[in-house]
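K.L.:
Pasting a structure here, questions to come.
The values are calculated or read from the model by the stated rules, or taken from the named source; none is laboratory data. Just so you know, these numbers come straight off a predicted model, no measurement behind them. A quick note on method: Cβ atoms are made from the backbone with ideal geometry, for glycine too, and the neighbour counts reach across all protein chains shown.
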Amino acid sequence: MQPLSNRAKILAKKPMTLAERAYLPAIFQGLSITMRHFFSKKATIRYPEETRPFSPIFRGLHVLKRDEQGRERCTACGLCAVACPAEAITMVAGERKKGEEGLYREEKYAVSYEVNMLRCIFCGLCEEACPKAAVYLQADKMAPPRFERDEFIYGKDRLVEPVSPDARSQRGIQLTPEQAEVLRNKMAQQPA
Ligand code: SF4
Ligand code: SF4
């Protein structure tokens, strides 16, 4: 048959030596490659104990922001949930009661607000859709690894920006002892 190019190489079919038949050259070649990689710089890290530096444009774990007086900004309008391509956000709206003006900025607020971190693709569209500057994706924090799927459903207890009752009183927000107690309990439950 006519060769397609002149690069064809004719190999001499010589009999294998005893060492070749015992795979010795191949074993030593494999071991040398293993040892070379063993002493070279590792491409992997021991996550989660070690983390790599975040990119300046990294979008990580969500946070529900408070205003300058420590009140929750979110008004449960639902725009973030509508904008979310992964349908990762759910919420239940409620009406602010008399005496809760120091807790919620608007008359309507999110009684519950959940983000499913297993669905989320961290695109940031919820952040862009929010008219109240209430939801942000943090640039230096991501959802830590967990063993149970339920633990990736982040509720308000883990999403709302923490603020101490003392900081609130410095900002002129008067809390009833019950409200201060609720806040202290929430802060105690915040993961470190
Ligand atoms: S970052 Fe994107 S996927 Fe995640 S909750 Fe926001 S809109 Fe949805
Ligand atoms: S986070 Fe923003 S967009 Fe989402 S419900 Fe609250 S106020 Fe509306």
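K.L.:
From the list A93, A83, A19, A76, which residue is over 16 Å from K156 (Cα atoms) and either modelled with pLDDT under 95 or out of contact with any helix residue (DSSP H, G or I) (no Cβ under 9 Å at 6 or more places or on another chain) (or both)? Lay out the reasoning, then the answer.
P.N.:
Details: A93 fails: over 16 Å from K156 (Cα atoms); A83 fails: either modelled with pLDDT under 95 or out of contact with any helix residue (DSSP H, G or I) (no Cβ under 9 Å at 6 or more places or on another chain) (or both); A76 fails: over 16 Å from K156 (Cα atoms).
The conditions single out A19.
K.L.:
Assuming E127 fulfils every condition listed in (1) within 11 Å of ligand 1 (Cβ to nearest atom); (2) over 17 Å from the mean Cα position of the chain (by Cα); (3) of a type in the set (D, E) apart from one, which condition is it?
P.N.:
(2)
K.L.:
Touching a residue at least 12 places away in the same chain (Cβ under 8 Å) and either exposed (fewer than 10 other Cβ atoms within 10 Å of the Cβ) or part of a loop (DSSP other than H, G, I, E, B) (or both): is that true of E87 in this structure? Give the derivation first.
P.N.:
On the way: touching a residue at least 12 places away in the same chain (Cβ under 8 Å): yes; either exposed (fewer than 10 other Cβ atoms within 10 Å of the Cβ) or part of a loop (DSSP other than H, G, I, E, B) (or both): yes.
Yes.
K.L.:
Follow-up question, since we're still on this one. Whether any residue in segment 31-46 is under 30 Å from Y136 (Cβ atoms) and surrounded by 10 or more Cβ atoms within 10 Å (Cβ to Cβ) is what I want to check.
P.N.:
Filtering segment 31-46 down to residues under 30 Å from Y136 (Cβ atoms) leaves 45-46.
Now restrict to residues that are surrounded by 10 or more Cβ atoms within 10 Å (Cβ to Cβ): 45.
Yes, segment 31-46 has at least one match.
K.L.:
Also, quick follow-up: Quick test of your reading of the structure: V111 fulfils all but one of (1) farther than 20 Å from G124 by Cα; (2) aliphatic (A, V, I, L, M); (3) within 14 Å of ligand 1 (Cβ to nearest atom). Name the failing condition by number.
P.N.:
All conditions are met except number (3).
K.L.:
Mind checking which pairs have a first residue in segment 19-46 that is closer than 30 Å to P144 by Cβ and a second that is of a type outside the set (S, T, N, Q), Cβ under 8 Å, 6 or more apart or different chains?
P.N.:
Every condition considered, the pairs that remain are I45/R52.
K.L.:
Quick one: in segment 48-66, which of the residues that are modelled with pLDDT under 90 and either outside any loop (DSSP other than H, G, I, E, B) or surrounded by 10 or more Cβ atoms within 10 Å (Cβ to Cβ) (or both) is farthest from ligand 1 (Cβ to nearest atom)?
P.N.:
T51
K.L.:
Follow-up question, since we're still on this one. Within segment 116-132, take every residue that is closer than 18 Å to S55 by Cβ and surrounded by 14 or more Cβ atoms within 10 Å (Cβ to Cβ) and give me the one that is nearest to ligand 2 (Cβ to nearest atom).
P.N.:
Step one: of segment 116-132, the residues closer than 18 Å to S55 by Cβ are 120-124, 127.
Filter once more, so that each one left must be surrounded by 14 or more Cβ atoms within 10 Å (Cβ to Cβ): 120, 122-124, 127.
Values: C120: 14, F122: 16, C123: 14, G124: 13, E127: 9 Å.
My answer is E127.
K.L.:
Would you call C74 within 15 Å of ligand 2 (Cβ to nearest atom), farther than 24 Å from V163 by Cα and assigned to a loop (DSSP other than H, G, I, E, B)? Lay out the reasoning, then the answer.
P.N.:
Working: within 15 Å of ligand 2 (Cβ to nearest atom): yes; farther than 24 Å from V163 by Cα: no; assigned to a loop (DSSP other than H, G, I, E, B): yes.
Criteria not met by C74.
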